[in-house]
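One structure is given here, and the rest of the page talks about it.
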Amino acid sequence: MAFDPAWKECHRKGLLSGLNVDEQIEAVIKTVDDHPFIQSSPEQARHVAKFRVRLLDLSG
């Protein structure tokens with residue numbers, strides 16, 4: 001999914017500092033909002049993003 005590299009890039013740029021995990025997810029989704037999955041299934045994309053953050057321990 002495009003979310004993982006976007007997450008890492010946003011962290012590298014410091015765009016997620018001071019945000020809680022839900023806010024971070026929303027910020028990252030906004031950077032890839034043209035992705036077909038996000039366009040067609042925005043709620044499911046958010047669920048997958050939350051799962052990826054937990055699964056890969058991306059929050060820390």
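The values are calculated or read from the model by the stated rules, or taken from the named source; none is laboratory data. This structure is a prediction, so every number in the text was calculated from the model and none was measured. Note that each Cβ is placed from the backbone with ideal geometry, even for glycine, and that neighbours are counted across all protein chains shown. Please note that ligands, DNA and RNA were not included when accessible areas were found on the heavy atoms of the full protein model with its side chains. Shrake-Rupley method; radii C 1.70, N 1.55, O 1.52, S 1.80 Å.
Only residues that are under 12 Å from the mean Cα position of the chain (by Cα), outside any helix (DSSP H, G or I) and among the small types (G, A, S) were counted in segment 30-60, giving 1. Scanning segment 2-24 for residues that are among the acidic types (D, E) and open to solvent by 80 Å² or more (accessible area, probe 1.4 Å) gives D22, E23. Answer with yes or no whether A27 is among the small types (G, A, S), free of Cβ contacts under 8 Å to residues at least 40 places away in the same chain and either part of a loop (DSSP other than H, G, I, E, B) or open to solvent by less than 60 Å² (accessible area, probe 1.4 Å) (or both). Answer is yes for this residue.
Scan segment 39-57 for residues that are out of contact with any Asp or Glu (no Cβ under 9 Å at 6 or more places or on another chain), more than 18 Å from K8 (Cβ to Cβ) and open to solvent by 100 Å² or more (accessible area, probe 1.4 Å) and the total you get is 2.
Of all residues in segment 1-20, exactly one satisfies the criterion of being among the small types (G, A, S) and part of a helix (DSSP H, G or I), namely A6.
In summary, V48 fulfils each of the numbered conditions (1) of a type outside the set (S, T, Y); (2) within 12 Å of A6 (Cβ to Cβ); (3) touching a residue at least 40 places away in the same chain (Cβ under 8 Å) with the single exception of condition (2).
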